[in-house]
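Worksheet: one structure, shown below.
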Amino acid sequence: MDFFGGINPVILIATLMASAVPILLAALGEAVVERSGVLNLGVEGMMIIGALGGFVVAVETGSPVIGFFGGAVAGALLSLIFATLTQVFLANQVATGLALTLFGLGVSSLGGQGYNGIKPPATGQLLPDALADLPVVGPILFGHDWVVYFSIAMTAVLWWVLKSTRVGLIIRAVGESHEAAHALGYKVNRIRLMCIAFGGAMAGMGGAYISLARVPQWVDGITAGAGWIALAIVVFASWKPWRVLIGAYLFGGITVLQLNLQVAGSGIPVEYLSMAPYLITILVLVIMSAGRKANGAPAALGQNFHASR
Amino acid sequence: MKRRNLLAGAVTGLLLASGASFAQGMDKVKACFVYVGPIGDGGWTYQHHQGALAVQEAFGDKVEIQYQENVPEGADAERVLTQMALGGCNIIFTTSFGFMDATNAVAAKFPDVKFEHATGYKREHPNVSTYNARFYEGRAVQGHIAGRMTKTNKIGYIASFPIPEVIMGINSYFLHARKVNPDVELSIVWAFTWFDPAKEADAAKALIDQGVDVIASHTDSTAPLAEAAKTEGRVIGFGQASDMAIPEYMPTPRVSSIIDNWAPYYVKRVGQLLDGTYAQTDSWEGIAAGEVEIGTITEAVPAEVKAEAEAMRDAIAAGTYHPFTGPINKQDGSPWLAEGAIAPDSDLLGMNFYVEGIVGDIPQ
Amino acid sequence: MLRLEKRPTPSKFWLYATPPVAVVLTMIAGGILFALMGTNPFEVIRTIFWDPLFGEFAFYLRGQLLVKAGPLILIAIGLALGFRAGIWNIGAEGQYIIGAIFGAAVGLAVFPTESRWIFPVMIVAGAFGGWVWAMIPAILKTRFNTNEILVSLMLVYVAETILAKASTGFLKNPEGMGFPGSRNFSSYPAAQNAFLYEPLGLHWGGVAALVTAVLAYILLTRHQAGFQIRLAGQAPRAARFHGVSPARLVVLCMGLSGALAGLAGMFEVTGPAGQISIDFNTGYGFTAIIVAFLGRLNPLGIVLAGFILALTYVGGEMASTSLGLPDAAIQVFQGMLLFFLLAVDVLTNYRFRLAVGAH
């Protein structure tokens, strides 16, 4: 099964599924936010607040599961600042989102003092070893912690909700034409506010996965730019949940693969390898968007709505 | 040099007013520290800050400590340094290589303020000293442990950037692993970052997935140890920069560590300023001076190996053993050090080649 | 209940009153934060807002404001042109890096020349570098309809890798003992972007920023291209009827913003930063996005916003060093300032009314 010396594709796939979880969760949340017509560039800030919130709650309660919900709550709370500014005060979304990241990084660094050098309670494998140790399918299908399954389940749920439910229809209507949605009697700003909070919660959980499962530690700046990648993946995925999953796995996969290629001594110059995730993402995007008229962006993306009547 | 003169003129008045003469010592010293990261990074900056706190501890009321975190290189560093000098700092420690030119530029304007730059080589003015630690001594001890402990004969190194400091560490680690285990192979991952916990964890995972069972890292976070901890004792690693003696990571995966202990140097230099014996230096101390410490070797390491490692540490401390002692060939097989020859410091400081036996190329 | 009501015309009063109101609100909220952290809030606020301008060391710090604001303004103006047309270049950080590398590479290639032509050539090279890097997302957008937000952002990471390669490889100082980083331009007078007038912190980058602000203002208010940019942003359909070619506009706006970001990088690397190094970029390209919006995408507003942000950087550093505040507290404070500036801006176009009944 090996290629390039020591690289085992089964382990590679299993690894990328776990390492993609933070950007997958955050990107799914952001996809919903953007579907409702709101561009929140503060994903990095919400992720790191979630990373801290999740870590603190998990350490204090001793339960990583409660920790993940703590992370979600922390992310959602921070996103409410964004929601208030953009939906009530009609502030520019791009600038507010960037400010949110700055604010979130600062708050997490202040709040995290005293939590350095602690190991959080472990988030272990969900299913019994008997399944996880099966050849090939074991590590890929059964060897993960619960959050990996949760992230895939959320992908399916969001796909279904956006595509086939009334809630999804309303969210999309608000994102495509807030004037029309308003005329139909929907409370545009309230719906958007809820989407933003949902996006914050998802980003917070993604952050918590970094500090509770992937690293697991609390250190300043732990998310190190994952939020920006999540944002890019939403666009990459044309706002469709399954494509978000593909994008996150592709990006996670290339990152993991380039490190593995280095270990295996592939002889490919390292600097090209470390550029690869970004270049390949661009390439795939070009291929996917070539020949299509529109890029599928929600028509009202980034525009604030004020009901004049 | 116009810009320097202008400013120098403007501040001369201020300096004359303070007018302290260093030769006679000082009653009170204001010691200032410029950090490249946050003090909560758990590694590089954290250790420098521990050194600063040790200065406060050692001299109490006689010193005042100031510091600035997260200072970017270049123009921002110059401004922070100037502010500190204007604000009455007597001695300023700039704790990252990237502050080198800024340190020298500001030092030119404030001849009465002492500047201490970590890990650089430029001392353009009499008030600039440089200091560094011989981390490669610690890497030798780690390499020894790695060579003796590996069961798969594959050891790993998570490297940050291809600079002499890092290459020196890789070479020292590899040489000493090979010395006790001729079958050992070294896998190097260049992370191209000093600090990105998730990426460091991924790098560690990539190493582990390919059979590496001893990981050393030259990046700052504890993520590689945390990743090793998931293997239930199969993979071991080392604390880097700080002790990383997190109880849950001991006795394994953290079997030992290299600790950057800046406290002895900081206390010494501030003390010299207080008692009037301060002079410009270029300091490169290691285990002997206590600047590089080998953190507790845990019981996961067999007593015999532990004793060997400690013997090596003590020999380095006593000056009877130098980690780069010939015969050593370069990667391409050409001779570098002859039998018994000891590497000159200048070779080490500019090191840009792997030693024989390491596979792969240094990114250029 | 309070409800918002759109003003028939934007309020002149609030247009000018919102920034000071936001600053006062930030001082109050920030003051509470600082008090909670056990410092004297009045001292902190004074250190941030007053000392850099009028304090003991203002003679030095005042100049630093322009040093800090210059690149922000230069980049933000370019971005604002695009943002007005609905073209989202958020990868200015990458264009800034590539501009710096191009500019520095040209200068270093002929080291140690004394020709006074080298600096102008480097300026052109810097702008060209940024332009080239911005052309990648621009052409992908016009040819393949690829989203420019994503491509320009991804290219930031690629640029950072190239920067690391430049500082450890092809631009490494041959006399640098193997350490990363290029030669320092402070010892290369012909290619150095030295201060023209130090007390004001004025170097060629600052000159370029201020001149660009004026030119951009004229472009937007007086010139056909400026009209097209505004029209494309406000009414894309109408713009098409007016014969505005979207593709040409993308190339123009991305190119301009890239070139200006590249210029900023070039002036920074040859002046205040002094050299190409692994961590040369410090986020100006991202901060400039905030500056562009704080300045309401108006070139003159951007100049003001650039200075306000620079003040919080310089003053924040002072507060951090001299009062021992954690750097993170300053970040939080800056975040608050931005929030308040953005929030009270609503009063320019809307007013609060006491709503009676449901609607």
**Study point:** Helix-derived mean residue ellipticity, 222 nm - over the protein assembly as shown, DSSP H n ≥ 4, -39500 (n - 2.57), to 500
**Key:** -18500 deg cm²/dmol
Review point. Could you list log10 I(q)/I(0) for the protein assembly as shown at q = 0.10 Å⁻¹, which the Debye formula gives when each Cα is one point scatterer?
Key: -1.29
Check your understanding: Got the relative contact order for region B:73-114 handy, in percent, Cα pairs under 8 Å and 6 or more residues apart?
Key -> 52
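Could you list, in their original order, any pairs among C:Lys141/C:Lys172; B:Lys230/B:Lys330; B:Lys179/B:Lys306; B:Lys62/B:Lys114; B:Lys154/B:Lys330 whose Cα atoms are separated by more than 27 Å?
Going by Cα-Cα distance, C:Lys141/C:Lys172; B:Lys230/B:Lys330 fall outside the 27 Å limit.
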Point to revise | Ratio of the Cα radius of gyration of region A:183-309 to 2.2 N^0.38 Å, where N counts its residues | key: 1.35
Practice item. Write down the radius of gyration of region B:116-220 and its Dmax, each obtained from C-alpha positions, in Å. Key: 15.6, 52
Review point. Computed over the Cα atoms, what is the radius of gyration of region B:24-133 divided by 2.2 N^0.38 Å, N being its residue count?
Key: 0.99
Practice item. For chain A, build the convex hull from the C-alpha positions and give me its volume per residue in Å³. Key: 145
Exercise for review: Give the whole-number value, in cubic angstrom per residue, of the convex hull volume spanned by the C-alpha atoms of region A:82-136.
Suggested key: 196
Point to revise | Partner chain coverage, peptide B:218-225 - average Cβ within 10 angstrom | key: 3
Point to revise | Distance between region B:213-287 and region B:25-84 - C-alpha centres, whole angstrom | key: 19
Point to revise | Computed Kirkwood radius, in angstrom, where 1/r is averaged over Cα pairs of region B:292-350 | key: 13.5
Review point. Quick one: which of B:34-40, B:116-122 comes out on top by average Cβ neighbours within 10 Å, and what's the full order, highest first?
Key: B:34-40, B:116-122
Study note, to complete from the structure: What the Cα atoms of chain B span along the principal axes, largest first and in whole Å, is 67, 45, 36
Check your understanding: Using the eigenvalues of the Cα gyration tensor, what equivalent ellipsoid semi-axes result for region C:178-328 when each is taken as the square root of five times the eigenvalue, whole Å, largest first?
Key -> 34, 20, 15
Exercise for review: With θ set to phi - 60°, apply the Karplus curve 6.51 cos²θ - 1.76 cosθ + 1.60 along region B:58-64 and write out the HN-Hα couplings as whole Hz, x wherever there is a Gly or Pro.
Suggested key: 6, 10, x, 5, 7, 10, 10
Review point. When only C-alpha pairs under 8 Å and at least 6 residues apart count, what is the relative contact order of chain C, in percent?
Key: 36
Review point. How long is region A:88-237 along each principal axis, judged by its Cα atoms, biggest number first, in Å?
Key: 56, 40, 24
Check your understanding: For region B:162-211, what number results from the quotient of the Cα radius of gyration and 2.2 N^0.38 Å?
Key -> 1.28
Point to revise | Percent antiparallel among DSSP beta bridges (both partners in region B:24-133, rounded to 5) | key: 0
Check your understanding: When the C-alpha atoms of region B:129-169 are aligned to their principal axes, what extent does each axis show, in angstrom, from largest down?
Key -> 45, 20, 9
**Study point:** Alpha carbon centroid spacing (whole Å) that separates region A:9-40 from region A:66-101
**Key:** 18
Practice item. Determine the distance separating the Cα centre of region C:1-75 from the Cα centre of region B:156-175; give it in Å without decimals. Key: 46
**Study point:** region C:16-25 - phi-based ³J(HN,Hα) in whole Hz, Karplus 6.51/-1.76/1.60, Gly and Pro as x
**Key:** 8, 7, 4, x, x, 4, 4, 5, 5, 4
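Can you tell me the mean projection area, over all orientations, of the convex hull of chain C's alpha carbons? Units nm², please.
21.8
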Practice item. Give me the Debye-computed log₁₀ of I(q)/I(0) at q = 0.11, 0.14, 0.18 Å⁻¹ for region B:256-363, equal point scatterers on Cα only, no solvent, two decimals. Key: -0.54, -0.82, -1.11
**Study point:** Partnerless cysteines, meaning none of the other Cys C-beta atoms lie under 4.7 Å away, in the protein assembly as shown
**Key:** A:Cys195, C:Cys253
Check your understanding: By per-residue mean of other Cβ atoms within 10 Å, what is the highest-first order of B:154-163, A:27-36, C:260-269?
Key -> C:260-269, A:27-36, B:154-163
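A short reminder: the numbers here are calculations on the coordinates, not readings from a lab. This is a predicted model, so every value here is computed, not measured. For neighbour counting, all protein chains shown are included, and Cβ atoms are generated from backbone atoms with ideal geometry for every residue, glycine included.
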